[in-house]
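Following: one structure in structure tokens, then a few remarks.
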Amino acid sequence: MNILIVEDEDRIASFIRRGLEGEGFTTRVEADGRAGLDAALTGAFDLVVLDLALPELSGEEVLAGIREREPALPVIVLSAKDAISDRVSNLQAGADDYLVKPFSFAELLARIQARLRSAEPVRRTTLRAGAMEVDAEAAVALVEGREVELSRHDVGILEALIAARGHAIPAGALQRRVWGAEPSGDPSVVDAYVDALSRRLGDGVIEAVGDGYRIA
């Protein structure tokens with residue numbers, strides 16, 4: 001499971017990151033709201049831990065941006081504000097949970113685990129993007145009437161890219177999402193898989209953007 005931590009206090013971010021990685025999660029830390037929102041919209045994360053007091057964009061603005069583009073992505077808000085009105089306003093704005101600082105890691109972990117359990121969707125077996133339809137269970141893509149057989153990794157790549165809704169996913173994030181861990185010491189493994197898949201699907205389906213990929 002991949003957790004995004006959007007927190008500008010190094011001490012708190014490091015505390016959360018070390019604890020979660022010790023529990024087997026993969027984490028990424030962003031220290032400002034704009035970078036945090038961009039990361040959340042890549043489709044590479046299963047849950048966001050979001051501080052409210054952030055530079056660039058406030059936590060409230062990040063939450064609004066996530067809810068607009070990724071309404072099902074679980075978000076746990078962290079804040080030093082303990083007033084009932086603050087909790088209620090953020091929950092009404094779309095936060096899945098609200099944890100007041102200071103907090104224990106055990107409580108944060110329990111809330112993360114609860115949100116991940118409740119957020120587990122029934123896996124969709126049919127995915128669509130433009131002229132392409134992917135049957136994940138049968139491991140087949142239909143592109144303009146042409147069938148393309150898919151490997152397990154091909155299906156994982158397409159599921160991640162389609163879920164990102166046109167946003168590019170960095171190769172490293174795609175690698176972690178599909179393989180669960182680094183498949184080898186060579187980062188070109190993902191590039192090789194995506195390049196081979198792109199050639200089989202045909203021009204104009206998968207697009208390289210910087211160091212990542214998206215559905216064109």
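Residue count for segment 138-165, restricted to those that are more than 19 Å from Val190 (Cβ to Cβ) and under 22 Å from the mean Cα position of the chain (by Cα): 1.
The helices (runs of 4 or more DSSP H) located wholly in segment 31-137 that include 2 or more residues which are in the same structural domain as Arg17 (by TED's automatic domain parsing), over 16 Å from the mean Cα position of the chain (by Cα) and acidic (Asp, Glu) occupy 59-69. The residues in segment 160-181 that are touching a helix residue (DSSP H, G or I) at 6+ places or on another chain (Cβ under 7 Å) and either without any contact (Cβ under 8 Å) to a residue 24 or more places away in the chain or part of a helix (DSSP H, G or I) (or both) can be counted, and the count is 6.
Criterion first (surrounded by 14 or more Cβ atoms within 10 Å (Cβ to Cβ), hydrophobic (A, V, I, L, M, F, W, C), within 28 Å of Gly43 (Cβ to Cβ) and in contact with a Lys or Arg (Cβ under 9 Å, 6 or more places away or on another chain)) does Ile76 satisfy it? In short, yes.
Residue-by-condition table, conditions (1) modelled with pLDDT under 85; (2) at positive phi; (3) buried (at least 18 other Cβ atoms within 10 Å of the Cβ):
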{"position": "Ala110", "(1), (2), (3)": "no, no, no"}
{"position": "Arg117", "(1), (2), (3)": "yes, no, no"}
{"position": "Glu120", "(1), (2), (3)": "yes, no, no"}
{"position": "Ala163", "(1), (2), (3)": "yes, no, yes"}
{"position": "Leu197", "(1), (2), (3)": "no, no, yes"}
{"position": "Asp203", "(1), (2), (3)": "no, no, no"}
{"position": "Val209", "(1), (2), (3)": "no, no, no"}
{"position": "Ile215", "(1), (2), (3)": "no, no, yes"}
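Just one of the listed residues (Phe45, Phe103) is hydrophobic (A, V, I, L, M, F, W, C), over 30 Å from Trp179 (Cβ atoms) and surrounded by 14 or more Cβ atoms within 10 Å (Cβ to Cβ), namely Phe103. Could you please tell me which pairs satisfy a Cβ distance under 9 Å, a separation of 6+ or placement on different chains, a first residue in segment 77-105 that is at positive phi, and a second residue that is surrounded by fewer than 17 Cβ atoms within 10 Å (Cβ to Cβ)? Every condition considered, the pairs that remain are Gly94/Ala64; Gly94/Arg67; Gly94/Pro71.
The values are calculated or read from the model by the stated rules, or taken from the named source; none is laboratory data. Please read these numbers as outputs of a predicted model, since none were measured by experiment. In this analysis, Cβ positions are derived from the backbone assuming ideal geometry, glycine residues included, and neighbour counts consider all displayed protein chains.
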